[in-house]
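The values are calculated or read from the model by the stated rules, or taken from the named source; none is laboratory data. Keep in mind that what you see is a predicted model, and the values were worked out from it rather than measured. Here the Cβ positions follow ideal geometry from the backbone for every residue, glycine too, while neighbour counts run over all protein chains shown. These accessible areas exclude ligands, DNA and RNA; they are computed on the full protein's heavy atoms, side chains included. Shrake-Rupley method; radii C 1.70, N 1.55, O 1.52, S 1.80 Å.
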Amino acid sequence: MEFLDNGIITVIGAGGVGLGWAAYFAARGYRVKLYDPREDWDQQVARSLPRLISQVPATYEDQSLILNRITMAHSLYDAVEYADLIQEAGPELVAFKQRLWKKIESLVDVDTLLVSSSSMVSVEDQAARMNAPERLMIGHAASPPHILPLVEVSAGAKTPPLYVDKLCAFYKRIGKEPVRLRREIPALVANRLQMALLAEAVKLVEEGVVSVKELDTVVTHAVGVRWAASGPFKSLHMDGGKGGIGLYLSRVGKKLAGCLGDPTLLADDVIRRLAEKTETAYPISDLTFYRDERDRRHSIIVTDRERFPD
């Protein structure tokens, strides 16, 4: 039997992230116990959960059946009792998370998976007061978590690989796309990419090159479509033709880096390493297949936008 086939998942925190997780887990057939220490949280749940459940992709069950899988717990003890996995989605406050995990650790079985949705508070900081800090992991979903598939998984240096393997396998099995980070890094990967793009976007708007709306149009009608279909490395690999990403970065990338004020970003040794890694991931012999798949996805995205314009 697979992990959590008939298990219970506890979601702590009834904000947007926590409710999204609860809706998604329940829509995928799991019993969910939801807990929040705030006084008015159950009212927010009653208003929000039906809408969120209706938005979960590939959900064909009657909404009432899914809602019936979610139980609102009114104490931490009731919330975590019998839980196989705890997905915390509380505020990004170190002291709060330290108190919470120390208490949870004392209430759950030794094989319960302990997972935080945090992107800003490291595992090391969160687990500082735990007796077994190696139990805690990060499972940070892209927002909104009931729709977007990405989950960034991170853990401390002492966390057994088996724990991380089990968590990634579970996310994969319920339709998520887990990416296992090789080491902890503040803000994780998706947020850092967003901030890097935002930094240049702010600069272009502040310098009067484009308006806010025009900048958004550039992203939604070009960059966003390209990256949604292929991602940055794969896209540039295809742009380089038979020479792949190495040729593209050597001929075009260096000039673009110079435009951004960092001509040393793409030094020859950096390009060589990136080319080797990218060609391992996406063999040049398969570029025709990748282009066909990219264009098919582009067509779907653009067609959908024409059906539902901004």
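For Pro178, the criteria (1) in contact with a Phe, Trp or Tyr (Cβ under 6 Å, 6 or more places away or on another chain); (2) in a helix (DSSP H, G or I) hold in every case but one, which is (2).
Scanning the range 147-163 for residues that are small (Gly, Ala, Ser), assigned to a loop (DSSP other than H, G, I, E, B) and open to solvent by less than 40 Å² (accessible area, probe 1.4 Å) returns a single hit, Gly156. Mind listing whichever residues of the range 103-127 are over 19 Å from Ala187 (Cα atoms) and either among the small types (Gly, Ala, Ser) or open to solvent by 40 Å² or more (accessible area, probe 1.4 Å) (or both)? Once the filter is applied, which keeps residues that are over 19 Å from Ala187 (Cα atoms) and either among the small types (Gly, Ala, Ser) or open to solvent by 40 Å² or more (accessible area, probe 1.4 Å) (or both), the range 103-127 yields Lys103, Ser106, Leu107, Asp109, Val110, Asp111. Being surrounded by 13 or more Cβ atoms within 10 Å (Cβ to Cβ) and part of a loop (DSSP other than H, G, I, E, B) is the requirement here; does Pro144 meet it? Yes. Any idea which of Leu52, Leu67, Leu107 is touching a Phe, Trp or Tyr at 6+ places or on another chain (Cβ under 7 Å) and not β-branched (Val, Ile, Thr)? Result: Leu107 is the single residue among Leu52, Leu67, Leu107 that is touching a Phe, Trp or Tyr at 6+ places or on another chain (Cβ under 7 Å) and not β-branched (Val, Ile, Thr). Beta carbons closer than 6 Å, at least 6 apart along the sequence or on distinct chains, pair a first residue in the range 91-112 that is more than 14 Å from Tyr35 (Cβ to Cβ) with a second that is assigned to a loop (DSSP other than H, G, I, E, B) and open to solvent by 50 Å² or more (accessible area, probe 1.4 Å) for Glu92/Met120; Gln98/Ala128; Gln98/Arg129; Lys102/Arg129.
Looking only at the range 198-225, which residues are open to solvent by 80 Å² or more (accessible area, probe 1.4 Å) and in a helix (DSSP H, G or I)? If the condition is that a residue be open to solvent by 80 Å² or more (accessible area, probe 1.4 Å) and in a helix (DSSP H, G or I), then Leu198, Lys203, Glu206, Val212, Lys213, Glu214, Asp216, His221 are the ones that fit.
Looking at Ser299, Ser235, Ser285, which is the one that is among the polar types (S, T, N, Q), surrounded by 14 or more Cβ atoms within 10 Å (Cβ to Cβ) and outside any loop (DSSP other than H, G, I, E, B)?
On the way: Ser299 fails: surrounded by 14 or more Cβ atoms within 10 Å (Cβ to Cβ); Ser285 fails: surrounded by 14 or more Cβ atoms within 10 Å (Cβ to Cβ).
Residue meeting the stated conditions: Ser235.
Here the helices (runs of 4 or more DSSP H) wholly within the range 1-97 that include at least 1 residues being within 22 Å of Ala127 (Cβ to Cβ) are 16-27, 76-80. State whether one or more residues within the range 262-272 are open to solvent by less than 50 Å² (accessible area, probe 1.4 Å), without any contact (Cβ under 8 Å) to a residue 24 or more places away in the chain and over 19 Å from Leu197 (Cβ atoms). Yes: the range 262-272 contains one or more residues that are open to solvent by less than 50 Å² (accessible area, probe 1.4 Å), without any contact (Cβ under 8 Å) to a residue 24 or more places away in the chain and over 19 Å from Leu197 (Cβ atoms). Looking at Thr280, is it modelled with pLDDT of 95 or more and open to solvent by 60 Å² or more (accessible area, probe 1.4 Å)? Taking the combined requirement at face value, the residue satisfies it.
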